[in-house]
Amino acid sequence: MDSSLAAGATVGVDVGGTFTDFVLFDPQRQQRFFHKQPSTPADPALAVSDGLRAVLLKSGLPASALSLVLHGTTLGLNAIIQRRGADIALVISSGFRDVLEIGRARMPSSFDFHADREPPFLPRQRVLEIPARFNPAGEVTQWPTEAELARVASEVVQLNVSAVALVTINGYASPSREAELASALAAKTGNVPVLSSAQLWPEIREYERTLVAGLNAYIQPLMQRYFSRLNELLAQQAINVPLLITASNGGVLPLDAAHQRPVDTLLSGPASGVIAAAHLASGAGFVSFDMGGTSSDISLSEQGEIERVNRTEIGGMPLILPVVGVSAIGAGGGSIVHVDDFGILKVGPESAGADPGPVAYQRGGTQPTLTDCYLVSGILSANAALAGTITLDHAAAHRALSKLGETSGLNAEQVASGAIAVATTQMATELNKALAQRGLTADGLTLIPFGGAGPTHANFFAEEAGINHIRVPLRPGTFCAEGAISADIRRDFVRSLRINVTPESYGKIAATVTELHQLAQTWFAQQASRLSERVYYRVEADMRYAGQAYELSVTPGSPETITHQLLLEHFQQLHQQRYGFNTPDAVIELTTLRLSLNAALPRPTDKPFTPDVNIQPPLTRPLYLRGGWVNAHIWQRENIGRQSQIVGPAVIEQDDTTILILPGWSARTDDSGNLIIARVTGDAS
C-alpha cells in the first residue's frame, strides 16, 4: 500500500439533485471541513470540480495534500428512472425475445386492474435472438454457426447502438463460454462492445440477470463520459490522486472497476448514509433515518453492522445485486398534504420536489407540504434561510394550510399538526413491520437521522415508534459525503450452483468457494493492492428447503473456515429466527454462493469536540405541539457546550438543518459533537 494514503487528506463527495456535498478530513490536524456546492445538472462534474476547489480553500490545503477522493453519485440511477440511458441492443437465446415484456408475469398492483405496468427500458425492436443456450449443468445445447453469428452482428450494426448485452439461457452455469460467444460477436460488430451477462453476474433467474446486464450497458456510456470529464477537470487543478466510487453494497470501488461495472454504483447515495450511520453507532444497534424532499428511508442494524440484501428494485425493475438494505417508509419534507375524497387528511405520495417546492419557498408552489407544516407549527423559523439560501414565507404557508382545513373546520395549525401526525404514524408503522420481520424491538436501537429534514422529524418518529435514544450527527446535511470517507473497498463475486447440501456434494461447494476466492484475490491484486494491505473475505450462501421458491442468505464464515455442517447449522438457525420453525430432517438446497472482498482504507479519527463558548439562549419561540401552543427555547448548535443539558420543548438550529426536542425529552452533546437526545425518564447515554 502507498504509505502516503494514510498521511494525506481525503475528500468525500456526494452528488445530489440540488446540492453536491463535500467533507474533507485532514489527518494531520484531525479536523473536518464541510462544503455544499449547488449542483450543475447540465454538467455534474463541474460542481464536483468547483466544490473541491472551495473545500480545499476552506481547509487551507493545496491540492498536493490530498491522497484520496471518494465519490458517490446518483447519475446512473437517475438515467434509469428517467429512461435517458444509451441506445443499446439485447441479444438473447432464441425463443426468449419477450423476456423484458413478460418479466415475472406479475401485476404491478394485485388489487388495481387499472395500474400501469412499468414499460421496459429497452424497446422490443432492439431485442435480437441468437441460437445459443446451455443446460443447467453448463453444457452447450445450442451454438450459432458462423453464418448465424454474422447475421446477428449485421442486425446489431443496422440498429446503430452504443453497446450490446448478451444473455443465454443457463449461461450462469458456463460464464467462460458465454464470454467466448460475446467476444466472437464483438469481433463482427466493429466498435460496438458486447457485454456477457454471465461474466458480469452469473446468478440464476434469466429475467433478473438480463436486467443486470442490460442496465449496465444502458448507463455505461453515460457514466464513462462523466468519469472522463471529471478526470479532465481534476487534472486541471493538479488533483492526481486515486478516485474511488462509492458502490451500492456499502463499499467503494476503484475508478477502473466502476468504468467496467457502473451498475454496481446505482444506489451509492443511500448506501453512503448508512455507512456513516454504522460508523457513528460504533457497534450498537441502530436505525438510520434519511429524510429528504420526496421520501424517508431507513436501514436497520441489530449489532451495528450494515445490513445488506441481495435483491432490490430500481425504477420498478428488480435488481439482483448485493446492496445496502434501505427501505422507503414514508413522506419527505416536500410531500404534499391533501384531503382525499372522503375528507381524510393524507400526506404524499406526491411531492412538490425542489421546484416549485413547498408553498413557503415562493417558487410557485400552491399545495402545502410537510415543510410548510413545520413552518406554521413554529419548528422552522420564518426569519431564517433554509440551507442558508431559501427564505420562507410564513403567511403563504399559513394561507395554504388554512384553505385545506376549511372543509373540516380546522385552522392552519391544527392541519399542520395533523399532517405531521399522519406522516409520523405511517413511518412508525413501516418501521414496526421491518422490526417484526427481524424479531427486533425498537427500544434497544438508536435512531440516527440525517438529510435536511431527518433531524427535524426525528423526535416525532422516535416517540411514536418507541425508540428511546436519538443520535444526531454534527453535520446531518453532509452525512452521505461523510459516509464516503468512512468506507472500505468492497467487491462481490457470485456463482449459482443449485445443489443439495450433503457430505457427498460438499466437494463441489468447496471447489466453487475456492474458485471465487481465487477470482477475488486476482481482482484485488490488479485493482486495489496499492490502496490497501488489510483484506479479508467472507462467504455467503443462499439456501432453502427443497421445494421452496426463495432463499435465505446465511454467512457461515471465511473461505478457510466454512464446512458442510456449518452451512446446515446456520441455515436452520436463521430459518428458526425468521419464521419460528425449522425442519432438521428436510433436504436443504444451496442455490447460490457469494464471496465478498473487503479491503480496509484509512479512516478518519475524531478528536475531542471543542464547541464555542456556551451561551444561554436569549430567545423563545411558540411551537404548536400536541394540540396546543408551548414556549420553546431556541439554541444555536455551535454554542452548545458538552455540559449543557437541554430540556424540551426546544429547537436547535444550524446552517444545514433544524432539530426539534419534544417535551419529555432532553439533549446533550457527546465528546465528538453529536447530539444525544433521550427520554427524560430513560438513560441519556
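The values are calculated or read from the model by the stated rules, or taken from the named source; none is laboratory data. All values derive from a computational prediction rather than experimental measurement. Glycine gets a Cβ as well: all are built from the backbone with ideal geometry, and neighbour counts include every protein chain shown. With ligands, DNA and RNA removed, areas are computed over all heavy atoms of the protein, side chains included. Shrake-Rupley method; radii C 1.70, N 1.55, O 1.52, S 1.80 Å.
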Under 5 Å between amide hydrogens, which residues at least 5 positions from Thr20 or on another chain qualify, with H placed 1.01 Å from N in the peptide plane? Gln37, Ser39
Give me the one-decimal nm value for the distance between modelled label points at Gln576 and Ala105, 7 Å along each residue's Cα-to-Cβ direction. 3.9
Phi-derived 3J(HN,Hα) across the range 253-262 with the Karplus relation (6.51, -1.76, 1.60, θ = phi - 60°), rounded Hz, x for Gly and Pro, is 10, x, 4, 4, 5, 5, 4, 6, 10, x
Computed from the beta carbon distance with a Förster radius of 56 Å, FRET efficiency for Val140 and Gln367 to the nearest 0.05 stands at 0.40
Quote to one decimal, in nm, the extra length available between Thr391 and Arg530 on full extension: 0.36 nm per residue of separation minus the C-alpha distance between them. 45.2 nm
When the accessible area of the chain is computed with all protein chains present and a 1.4 Å probe, what percentage of it is carbon and sulfur? 50
So the compactness index of the range 425-561, its C-alpha Rg divided by 2.2 N^0.38 Å, takes the value 1.46
One finds, for Asn631 and Thr425 with R0 = 25 angstrom and r their Cβ-Cβ distance, a FRET efficiency to the nearest 0.05 of 0.40
Using the beta-carbon distance between Gln437 and Arg53 and R0 = 45 Å, what value does 1/(1 + (r/R0)^6) give for FRET efficiency, to the nearest 0.05? 0.45
Modelled label-to-label distance, Asn240 and His114, 7 Å Cα→beta-carbon offset: nm? 6.3
Of all DSSP beta bridges located in the chain, what percent are antiparallel, nearest 5? 70
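Using the heavy atoms of the protein chains and a 1.4 angstrom probe, tell me the accessible area per residue for the range 246-336 in square angstrom.
Here the per-residue accessible area is 26 Å².
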Roughly what would the spin-label model give for Lys403 and Glu232, points 7 Å off Cα along C-beta, in nm? 4.7
Where in the range 6-38 is the amide nitrogen less than 13 Å from a point lying 7 Å along the Cα-to-Cβ axis of Leu46? 38
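Go through 297-304, 257-264, 8-15 and give me the packing order, highest mean Cβ count within 10 Å leading.
For the peptides 297-304, 257-264, 8-15, the packing ranking is 8-15, 257-264, 297-304.
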How long is the gain from Asp585 to Ala510 if the chain were fully straight, where each residue apart is worth 0.36 nm and the alpha carbon distance is subtracted? 24.7 nm
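Would you mind counting up the charge near Leu380? Only other residues with Cβ under 12 Å from its Cβ, with Lys and Arg at +1 and Asp and Glu at -1.
For residues surrounding Leu380, the net value is -2.
Classify the chain as rounded, prolate or oblate, taking a ≥ b ≥ c as the square roots of the eigenvalues of its Cα gyration tensor: rounded when a/c is under 1.5, otherwise prolate if a/b is larger than b/c and oblate if not. Write out the running numbers ahead of the final one.
Details: a/c = 1.62, a/b = 1.56, b/c = 1.04.
Taking the square roots of the gyration eigenvalues as a ≥ b ≥ c, the chain is prolate.
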Span-like helix ranges in the chain, DSSP H, alpha carbon extent 30 angstrom or more, Kyte mean at least -1.0: 206-236, 412-438, 506-527
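Could you do me a favour and compute the accessible area per residue for the range 39-88, 1.4 Å probe, result in Å²?
Values: 1910 Å² over 50 residues.
Using a 1.4 Å probe on heavy atoms only, each residue of the range 39-88 averages 38 Å².
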Can you give the net charge of the other residues whose Cβ lies under 9 Å from the Cβ of Gly315, counting K and R as +1 and D and E as -1? -1
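Taking only DSSP H segments of four or more residues, each worth -39500 (n - 2.57), what value at 222 nm results for the chain once the sum is divided by all its residues, to the nearest 500 deg cm²/dmol?
-10000 deg cm²/dmol
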Net charge over other residues, Cβ less than 15 angstrom from the Cβ of His564 (K, R count +1; D, E count -1): -3
Provide the packing ranking of 427-435, 116-124, 480-488, i.e. peptides ordered by the mean count of other C-beta atoms within 10 Å per residue, highest first. 480-488, 427-435, 116-124
Relative to the present Cα-Cα distance, how much length would full extension add between Glu180 and Gln643 at 0.36 nm per residue of separation? 160.0 nm
